[in-house]
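Note sheet for the following structure.
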Amino acid sequence: MPSLQINSRINKIYSMPSAIKYSDAEDSYVYYVNNLYYGALHYDSYRKYYYRLVKRPAKVEYTKNDLKTGVAVEQQWSVIIADENFNKIGETDLPKDVWGGLVLVSKEGLVLQKSIDNEDFMTFSIFELMRNNE
C-alpha cells in the first residue's frame, strides 16, 4: 500500500480574478491549469486528520492555443495533512497516475481515484498515512 510522507511546502492561496472567472470557459480553464487549485477538506474520523488535495500549476505555461490544439498538460497533485485543530502537519506529492477528482476516507486509508484510461471503469489507490522520520 502506498504511503503519504509528511513534509511542508505550499503556504499561499490566491483567488481567481473576477475578470477571468466571468469570461469564457477557455480563459477559465487556462487559468485553472496555470495556477494552484485547492480541493475540499476531507475529515478522517479514524485518525483525526483533515486532508486537502492541491493541484499544482502546469510545469510549462499553458495557453489557449495549447487547449485548442489538444496539447496535453502535466500537473502534479499533492495532499496537505492537518490535525483535528486544522494545524498543517505536512504535505506530500501523489503519484502521477492519481487524479484528485474523487476522494474518500476509509478505515484502510485515503482512497483516491486514478487517472481515467477507460470511461467504463474507475480505479482507485488506497494510501496509508505514515510519519516521515527525517
Residue that is nearest to Ala40 (Cα to Cα), among those in segment 84-94 that are loosely packed, with under 13 Cβ neighbours inside 10 Å and touching a residue at least 12 places away in the same chain (Cβ under 8 Å)
Phe86
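Output yes when any residue across segment 114-125 is under 15 Å from Leu36 (Cα atoms) and either part of a helix (DSSP H, G or I) or out of contact with any helix residue (DSSP H, G or I) (no Cβ under 7 Å at 6 or more places or on another chain) (or both), and no when none is. Don't jump to the end; show me each part of the working.
Of all residues in segment 114-125, those under 15 Å from Leu36 (Cα atoms) come to none.
No: zero hits.
Here, each number is a calculation from the coordinates, and none is a lab measurement. This is a predicted model, so every value here is computed, not measured. Note that we place each Cβ from the backbone using ideal geometry, even for glycine, and neighbour counts take in every protein chain shown.
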